[in-house]
Structures are given as structure tokens and as C-alpha cells.
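Read the structure below first, then the notes.
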Amino acid sequence: MLPHSLSILVVDDDEDTCDNLRDILSDLGYSVTIAHSGEEALALIHQQAFDIALLDFKMPVMDGLTLYRKIRKQRASTVAVIISAYASETTTDEALHAGAWRVLNKPVDFDKLIPLIETAACQPLVMVVDDDCDLCDNLWDILREGGYRVDVAHSEPEVKSQLAGRKHGIALIDMKLPQGDGSGVFHLVRKHNPAARVILITGHRLDLQQQVEETMAEGADAVCYKPFEMTDLIGTIGHLAQFIERPR
């Protein structure tokens, strides 16, 4: 059975296309919200997180790819599918490079779309908490390629915002943050989802060793020290992902 809580944002200036997508996806048990412009979509994104966004490529004022770039900055875990009647190889490459998951042709082929949504629904949700933006971007790219949905936060207040309405299965938490600290974030994550698996990361092994040991004693699952081997970190994430609850 598909997870009825999965939320989908459909953005298209064609009302008939939106109504058709909403009717079919709602009948399958998904929560569907409609927007007819990029501006309207961004206002909705500001209010809540969506698991999947189906974005028309060609829209007035703001095209779907420009919209997705803005969505990614606010809600990095939203899985984007660009839908276009004008998809070219260049357009597809540009969309995928920006982080969109797939590009589908119009009219929508539901035999292709529905399996994509089912796959996205089962991807584990990971939160990366680190003030190093380059590291976060790198991890986002690697984890998305590995089949994870990825939220990003750079401070404790951002973590609180990202946790709202979401259930993260895994959290990677830097122990030293400009606002708050890793221990505080650990408690926030575990309070929101006691079953969440937590990996602590730090480049300050000696200075923060006591804090790391205390947080590990409180239930964190692993610690990785910077500079870490990315393959080791991804392997640890993959191991922990085996134990998190998956949507049914």
C-alpha cells in the first residue's frame, strides 16, 4: 500500500493538466496541491514541505527549471520531476545537472509517472546538518544519486524548520555549528523521531571528544571525523538505512 501522507505539488499554468493530475494522484491516495505559477508555488513551499514536485518546464514569468532551483534552496528534499512538451537533450541535461530527478514528456505518461512516484515515496529521508555549504552540496549530490531524499540545514534554528512535518530516518550532524551545537541538534532530531539514526561528524576531534562521547552515550549511532573518506561515510549511511522504517 502506498503512503497516503506523501505530499505532491503540481505546478502548471494549464488548469486542465493540473486537474487531471490531481484527480488521478488523489485517487491513488496522495495529498495533492496545485499551483499555476512559480510565484504561487514558492509561496506554498514557504509554508510547507512537499515530498515531490511535478513542474511544467514552460510557464510564463518563471519556467519550471528556474522554479526548481529556488525550491531546492528552501526545501532541498523535494524530489523534482520536470514535465515538458519541449524537452530536448540540452534541456534534460540542464535539469538533471540542477538536481531534478527525472524529465518526462507531455502529455504525461502515467505508466511512467506512477512508478517514479512510488520509488520516490520509498527513498529514505536524510538530514545533513553542517555550516559548510560546499560539503552539504557535495553530500546532497552523492546521496541523491544513491537514492536518498536529502534535507539540508546549516544551524539549529534551520533544523527546527526542516523537522516540521517531516520524519527523517537518518541525520548527519556536525558537532560544531554557528548557532547551537551538535548535541542540541541530536536531541531535537530524536525528540521529533525517536527512531531516527544519527551520525555525528566533526573536524575538531580533540576539542569536542568529550561532547562526542557524551552524545554517543545518549544514543547516537556512529561518528565520522573530518576529513573523512566519503565512501566510508556513505557506507555507514547505507548500513543504518537498513534499520529505519520505510513507507508501506
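Considering the stretch 203-246, and only residues there that are over 23 Å from the mean Cα position of the chain (by Cα), in a helix (DSSP H, G or I) and without any contact (Cβ under 8 Å) to a residue 12 or more places away in the chain, the residue that is surrounded by the most Cβ atoms within 10 Å (Cβ to Cβ) turns out to be Gln209. Take the conditions (1) part of a strand (DSSP E or B); (2) over 28 Å from Glu158 (Cα atoms); Ile34 misses just one of them, which is (2). Taking the stretch 162-196 as the range and being within 20 Å of the chain's Cα centre (by Cα), free of Cβ contacts under 8 Å to residues at least 60 places away in the same chain and surrounded by 16 or more Cβ atoms within 10 Å (Cβ to Cβ) as the test, the residues that pass are Leu163, His168, Ala171, Ile173, Asp174, Val185, Phe186, Leu188, Arg190, His192, Asn193, Ala196.
Being in contact with a Leu (Cβ under 6 Å, 6 or more places away or on another chain), surrounded by 20 or more Cβ atoms within 10 Å (Cβ to Cβ), without any contact (Cβ under 8 Å) to a residue 40 or more places away in the chain and part of a strand (DSSP E or B) is a condition met by at least one residue of the stretch 81-100. Annotation: Glu40 fulfils all but one of (1) in a loop (DSSP other than H, G, I, E, B); (2) more than 22 Å from Arg149 (Cβ to Cβ); the unmet one is (1). For the stretch 62-120, the set of residues classified as aromatic (Phe, Trp, Tyr) and closer than 24 Å to Gln162 by Cβ consists of Tyr68, Trp101, listed by residue number.
Each reported figure results from applying straightforward, stated rules to the coordinates on display, with no laboratory input. All of these numbers come straight from a predicted model, not from anything done at the bench. Cβ coordinates were reconstructed from backbone atoms using ideal geometry, including for glycine residues, and neighbour counts include every protein chain displayed.
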